[in-house]
Amino acid sequence: MTEKRFALKGICIYSKDREILEIKDGYVLCENGVSQGVFEALPEADSDIKCYDFSGKLIIPGLIDLHVHAPQYPIRGYGMDLELLAWLEKYIFPEEAKFSDLEYAEKVYGAFAEALLKSFTTRACVYGTIHTAAGLKLMDLLEETGLKTMVGKVNMNRNCPEALSEGEASEALEDTEKWLKASEGKYRNTQPILTPRFIPSCTDALLYGLGRLKVRYGVPYQSHLSENPSEIEWVKRLCPDSENYADAYARRGAFGPESKTVMAHCVYLNDEEIELLSEKEVFVAHCPESNINLASGIAPIRKYLSKGIHVGLGSDVAAGSTLNLFVAMRSAVQASKLYWRLLHSDEVPISMEEAFYLATKGGGAFFGRVGSFEKGYRFDAVVIDDSRLAADGTASQEMTVKERLERMMYLGDASCLASKFVDGILVR
Ligand code: GUN
Ligand code: FE
């Protein structure tokens, strides 16, 4: 058990706003799981509190993964030869079908939970599969890590293999409600999130029913939106009643005010869809590495930010190759540079400061006051030892703190994690 009031000493970095990094060599103070701010010296009254000495190391708010698929963890890093729909058929659905076997699920989800614990992530929105027992096992395992997660039992009942179909919407909804009742309030760190895979996988009856569950239970909601051109065309045919893809979700209750919603990808939204997401305060989970790997496209993040849309980052394993969100930050910067150079010279690239903001405060807002060391934010902290990166000949001493943080985006991996606190509790 971590102390009620304690401090971490080191080089504290957090986003003051989207463009400005606050950097202070000093102490970040925690009381009852809440940050009290960063100080150059410990206040006199606190001279005897527990202080973890991480002098010289970088201390950042925990990173937030707004979109990751736990059952896809074993098949990450290969099978990037196809676009979304063919990729789902060939690689993803056969893997997810295996999770009817609880023993297999326990093995994979155990490895996933351990890897997430050893990553820079402190909070995540996680997809499971359609299987309730395996999903509850995933929640149990994530609970033990101390990380804060929202976990979804995936809904799908059309355009998928028999083994992955929940069948009649009424049955799928009944199962989903049972799972909600079994999981809501059961955990300290883990909560359920409604998770229709995407519109092509769910009948209207199922989607409308999930919209009603969202109202009844007030639980959050996640899905995929506008990732790939063929997918978008397909949704147009499936939902002739709707103006566009986002509107199709809105009509089916995905964006109601009773709880938060996060939509992954949003690569090809038109102006009406952007307006709708902005108005309904829907979060966008930007998954740039995934969008490159599946040749999906480049999401216009500069435009979304200028329209006031909430944006965070997602690893989207296994379309993304790694749980390391520094890679998502780097990919966001890189993708935005190509977007600017090749497509829209008026949409300036995302800076490294902005990428850091997206991975902390941007996505953190989905979890409440999360993603900063400002007073009042939940105390999630990640301690980084980047000395290994200097061992191969790159300087550390002469580098600025900002340069060291940027180098983490390009060279850092899980071996640089020194320690991790979530909600004021030491978890690693
Ligand atoms: N769209 C529907 N399902 C998926 C999935 O598993 N991964 C990605 N990247 N997109 C999806
Ligand atoms: Fe995904």
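Between segment 230-287 and segment 370-384, what is the separation of their alpha carbon centroids in Å?
Taking the Cα centre of each part, segment 230-287 and segment 370-384 sit 31 Å apart.
How big is segment 116-238 along each principal axis, measuring the range of its Cα positions in Å and listing the largest first?
That works out to 43, 30, 28 Å along the principal axes.
Taking a cut-off of 15 Å between Cα atoms, list the aspartates and glutamates near LYS375, but don't count ones fewer than 8 places away on the same chain.
Output for LYS375: ASP17, GLU22, GLU31, GLU40, ASP423.
So in segment 73-208, what percent of DSSP beta bridges are antiparallel if you round to the nearest 5? Before the final figure, lay out each step's value.
Working: 0 of 10 bridges.
Given both bridge residues lie in segment 73-208, the antiparallel proportion sits at roughly 0 percent.
Using only alpha-carbon positions, what ratio does the radius of gyration of the chain give when scaled by 2.2 N^0.38 Å? Walk me through the numbers before you get to the answer.
On the way: Rg = 21.0 Å, N = 428, 2.2 N^0.38 = 22.0 Å.
Expressed relative to 2.2 N^0.38 Å, the Cα Rg reads 0.96.
Starting at the first residue of segment 148-162, write each ³J(HN,Hα) from the Karplus equation 6.51 cos²θ - 1.76 cosθ + 1.60 with θ = phi - 60°, in whole Hz, x for Gly and Pro.
My calculation for segment 148-162 gives 9, 9, 10, 10, x, 6, 6, 9, 7, 8, 8, 6, 8, x, 3 Hz in order.
If you place +1 on the Cβ of every Lys and Arg, -1 on the Cβ of every Asp and Glu, and leave all else neutral, what size is the dipole of segment 239-338 about its Cα centre, to the nearest 20 Debye? Before the final figure, lay out the partial values.
Details: 9 positive and 12 negative charges, 94 e Å.
So the dipole magnitude of segment 239-338 works out to roughly 460 debye.
Please work out how much length the chain gains when fully extended from ASP204 to ALA86, using 0.36 nm per residue of separation minus the C-alpha to C-alpha distance, in nm with one decimal.
Extra length available between ASP204 and ALA86 comes to 40.2 nm.
In the structure displayed, which of LYS50/LYS118; LYS107/LYS178; LYS186/LYS420; LYS57/LYS303; LYS118/LYS402 lie more than 28 Å apart, Cα to Cα? If you can, show how the numbers build up before the last one.
Working: LYS50/LYS118 24 Å; LYS107/LYS178 24 Å; LYS186/LYS420 24 Å; LYS57/LYS303 35 Å; LYS118/LYS402 23 Å.
Over 28 Å apart, Cα to Cα: LYS57/LYS303.
If one takes the longest principal axis of the Cα atoms in the chain, at what angle in degrees, from 0 to 90 and to the nearest 10, does the Cα axis of helix 132-145 lie?
0
Relative to the Cα centre, what is the charge dipole magnitude of segment 336-428, using +1 at the beta carbon of each Lys and Arg, -1 at the beta carbon of each Asp and Glu, and rounding to the nearest 20 debye?
On the way: 12 positive and 14 negative charges, 58 e Å.
Dipole magnitude for segment 336-428 comes out near 280 debye.
Considering only DSSP beta bridges whose two residues both sit in the chain, what percent are antiparallel, to the nearest 5?
Working: 27 of 61 bridges.
Of all bridge pairs located within the chain, approximately 45 percent are antiparallel.
Against the longest principal axis of the chain, how steep is helix 401-411, in degrees 0 to 90 to the nearest 10, with axes from Cα atoms?
Roughly 40 degrees between the two axes.
With each label point set 7 Å from Cα along the Cα-Cβ vector, what nm distance links SER55 and ASP25?
Taking the two extended label points, one gets 1.0 nm.
Of TRP234, LEU116, MET263, which is farthest along the charge dipole of the chain in the positive direction, counting Lys and Arg as +1 and Asp and Glu as -1 at C-beta?
The residue sitting farthest along the positive end of the dipole is LEU116.
May I ask you to list the lysines whose Cα is less than 17 Å away from that of LYS90, ignoring any residue fewer than eight positions away on the same chain?
Within the straight-line limit of under 17 Å, LYS90 reaches these lysines: LYS98.
Relative to the compact globular guide of 2.2 N^0.38 Å, what is the alpha carbon radius of gyration of segment 67-169, as a ratio?
Numbers: Rg = 13.6 Å, N = 103, 2.2 N^0.38 = 12.8 Å.
Against the compact-globule rule of thumb, the ratio is 1.06.
The numbers here are math on the coordinates, done by the rules we state, and not lab data. Predicted model, so just to flag it, every value in this text is computed and none were measured. All Cβ positions, even for glycine, are placed from backbone atoms using ideal geometry, and neighbour counts span all protein chains on display.
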